[in-house]
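Here's the structure we're looking at; comments come further down.
The values are calculated or read from the model by the stated rules, or taken from the named source; none is laboratory data. Note that the structure is predicted; figures quoted are calculated from it, not measured. Heads up, the Cβs are rebuilt from the backbone with ideal geometry, glycines too, and the neighbour counts pull from every protein chain shown.
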Amino acid sequence: MAKDKPRLGFHSIIKNNYFHGFMKHPLLYIAGLLSLFACAFTHAQPAPRPNIIYILADDVGYGDLSCYGQKKFQTPHLDRMAAEGIRFTAHYAGGCVCAPSRFTVMMGKHIARAHTEGQGQELHVGDRTIANLLQDNGYATAMIGKWGLGRRTGLPNLKGFDFWYGFLDQRRAHFHYPEWLWKNGSKELLPDNPQNHTRHTQDLFTREALGFIRENRAKPFFLYLPYTLVHAELIVPGKYEEPFLGKLDDKPQETKPYGILHSGYNKPRNRHAAFAGAMSFLDRDIGKIFSLLKELAIDEKTLVIFTSDNGPHGEGGADPRYFNSSGGLKRGKGWLYEGGIRVPMIARWPKRIEANRTIDHPSWFPDVFPTLAELSGIELIQDDLDGISFAPTLLGKGGQQSSSYLFWSHNRQRALRQGKWKLVRFYEAFNDITRFKDELYDLDEDIAEQNDLAKAQPEQLKALVRRLTSLERWK
Ligand SMILES: [Ca+2]
């Protein structure tokens, strides 16, 4: 059953009030706002409250996991996670590049209402994240990895995270051997790391993630884990590449000496082996997380979700064509065809989520906020979100509602999915919505978006165009 989401205007009212009084009593004002939100926005229910680990990989394509069809390498821990949980085949990121996509997952709103499209923007003062909600309802919370949602009003500690570690900005996060990382607002120095490659961020993020889980095992926790693999720079420790050397049609490339940050990507010597190695590195750490959950006897209390923020990239030497990283979908990162936005998504929660299921329910990042709220027993009283909880699907219950539409926007592209139909629009110029080309696809018959039905299905096209036109008002 399709459901239109209400729009209450709550978000903008709060935002404007804040700026009015901020200069005089900022701390009091923030405290007041938080209590207002806590009272008006939610109502806590006693139980059950699972731990939640939301793992957001960077630029992992729909076809980059062996349980989603990858043939050139294996991802055994993710495959096992899928076998023990549920695998979504029609889950969408909120955008086709990093930051916009992440805004939608944190805020539960589509890309235009999350007031971002490009990179380098901030969460505003009044923006309420899923972490705010869980924190206010007794969860210990952590963000470990790449934040990318602000360095001032959008700092993770202002957006619901008790603990945060990693990169604040996107640009530095392209490099896996930085000379420092943020830890709760202080710099953790990693001297000589860029030169000597002593500490890969994947190891550091996992170290902190395992530490946070261990430390908070006795209380409900929310761990947001936006890893930076497998985004460029495509440099991983040799031991991960080694199993693939000579096996993936590599032609060794010239590489520069290491040691210069932010001067462009260094190429991996064996780019295919490096990519397969990076995926193996990521997969290994998924295994470490599950091992710890079992060791601490909290495996059955913990929901783990794995997904990716957008489609596969070709940056820094990556070769998505060779690996079929889009899994047969059209294009990849930066496009609103399926390859840019449809992503792998696996959820595992022993005894609550039935094992070994595959589901084609269309869902997307804005759904994550209400889903986690529902699974945590938090009732959203004033629901200003664009997402719809997919908790009924996870738990195998009936009554799953569907969004009446899914919507994406990126530069001069727009895309809209309604049921099986998808409209892709290309504007000819920025800031001119009068000149464009529309394409229409039937995703049930043509998931690869090869057969444009815009001319053959004028009525369907008209229906989607009507909706798209109404959504342009958010721009
Ligand atoms: Ca990304």
### Task
Please state which one of Y54, Y62 is surrounded by 24 or more Cβ atoms within 10 Å (Cβ to Cβ), within 16 Å of the ligand (Cβ to nearest atom) and of a type outside the set (S, T, N, Q).
Y62
### Task
Would you list the strands (runs of 3 or more DSSP E) that sit entirely within region 322-405 and hold 3 or more residues that are over 24 Å from F222 (Cβ atoms) and over 18 Å from the mean Cα position of the chain (by Cα)?
none
### Task
State whether the residues of region 293-301 include one that is touching an Asp or Glu at 6+ places or on another chain (Cβ under 7 Å) and either on the phi < 0 side of the Ramachandran plot or within 16 Å of the ligand (Cβ to nearest atom) (or both).
yes
### Task
Could you please let me know if N310 is surrounded by 15 or more Cβ atoms within 10 Å (Cβ to Cβ) and in contact with a Cys (Cβ under 9 Å, 6 or more places away or on another chain)?
yes
### Message
Which pairs turn up if I take residues in region 143-166 that are not assigned by TED's automatic domain parsing to the domain that holds M107 and modelled with pLDDT of 95 or more and look for partners that are surrounded by 21 or more Cβ atoms within 10 Å (Cβ to Cβ) and β-branched (V, I, T) with beta carbon separation below 6 Å, at least 6 apart in sequence or on another chain?
### Response
none
### Summary
Of all strands (runs of 3 or more DSSP E) fully inside region 153-243, the set with 2 or more residues that are under 24 Å from C96 (Cβ atoms) is 163-167, 221-225
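Every residue in region 71-119 that is at positive phi and either within 14 Å of the ligand (Cβ to nearest atom) or at pLDDT 95 or above (or both), please.
Going residue by residue through region 71-119, those that are at positive phi are 108, 115.
Matches in region 71-119: G108 only.
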### Query
Any chance region 245-267 includes a residue that's more than 16 Å from the ligand (Cβ to nearest atom), out of contact with any Lys or Arg (no Cβ under 9 Å at 6 or more places or on another chain) and outside any loop (DSSP other than H, G, I, E, B)?
no
### Qualifying positions in region 314-340 - modelled with pLDDT of 95 or more, touching a His at 6+ places or on another chain (Cβ under 9 Å), within 15 Å of the ligand (Cβ to nearest atom) and not hydroxyl-bearing (S, T, Y)
P320, G332, K333, G334, W335, L336, G340
### Query
Before we move on, is W147 aromatic (F, W, Y) and buried (at least 24 other Cβ atoms within 10 Å of the Cβ)?
yes
